[in-house]
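FYI, it's all coordinate maths here, none of it is from the lab. Note that the structure is a prediction, hence the values are computed from the model and not measured. Every residue, glycine among them, receives a Cβ derived from its backbone with ideal geometry; neighbour counts consider all protein chains shown.
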Amino acid sequence: MPAAAAREHQAPAAGCRCSPQLYNSLVQTPAPQPLPLAPLDLERELASLFVEALNLPIEPQDIDPAAPLYGEGLGLDSIDVLEVALVVSKRYGVQLRADNQENQRIFRSLRHLAEYIATHRSK
């Protein structure tokens with residue numbers, strides 16, 4: 001019997017009360033991929049990254065994830081956002097380009113940035 005066919009018809013391990021079909025489907029199922037960070041965890045990680053990368057005089061936990069990043073919120077300027085975009089790109093594999101028409105939405109708040117990274121990250 002070829003090796004592939006032998007794998008398809010493995011008997012359940014001793015003491016296993018599941019059907020041979022269920023056992024074989026479990027044995028042949030590849031290991032799950034690591035889950036991406038949950039948005040809340042990612043928000044916390046990004047807050048720390050902002051403080052570190054921009055040398056902000058606040059603690060990461062003091063950053064409101066819903067507050068605007070520009071102006072009256074966190075008070076970032078365009079140079080700060082470029083620095084953050086570079087760090088985010090390297091760390092998460094997310095391409096953030098200056099000519100992206102979604103930048104205003106992406107950088108609206110820490111929460112918006114985290115949501116964007118969670119859906120577009122490659123690392």
Quiz item: Taking H as built 1.01 Å from N, whose amide H comes closer than 5 Å to the amide H of Leu76, not counting residues under 5 places away?
Solution: Tyr70, Gly71
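Using the Cα gyration tensor of the range 39-120, with a ≥ b ≥ c the square roots of its eigenvalues, what is the shape: rounded (a/c below 1.5), prolate (a/b larger than b/c) or oblate (neither)?
Details: a/c = 1.37, a/b = 1.21, b/c = 1.13.
Rounded.
So, counting K/R as plus one and D/E as minus one, what does the shell of residues with Cβ under 13 Å around Ser89 add up to? Before the final figure, lay out each step's value.
On the way: positive: Lys90, Arg91, Arg97, Arg121, Lys123; negative: Glu83.
Every neighbour counted, the sum reads +4.
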Self-check item: Distance-filtered residues of the range 59-78 - backbone nitrogen under 13 Å, label point 7 angstrom along Glu102 Cα→Cβ
Solution: none
Exercise. For Ser109, enumerate residues with amide H under 5 Å from its amide H, sequence gap 5+ or separate chain, H modeled in the peptide plane.
Key: Leu69
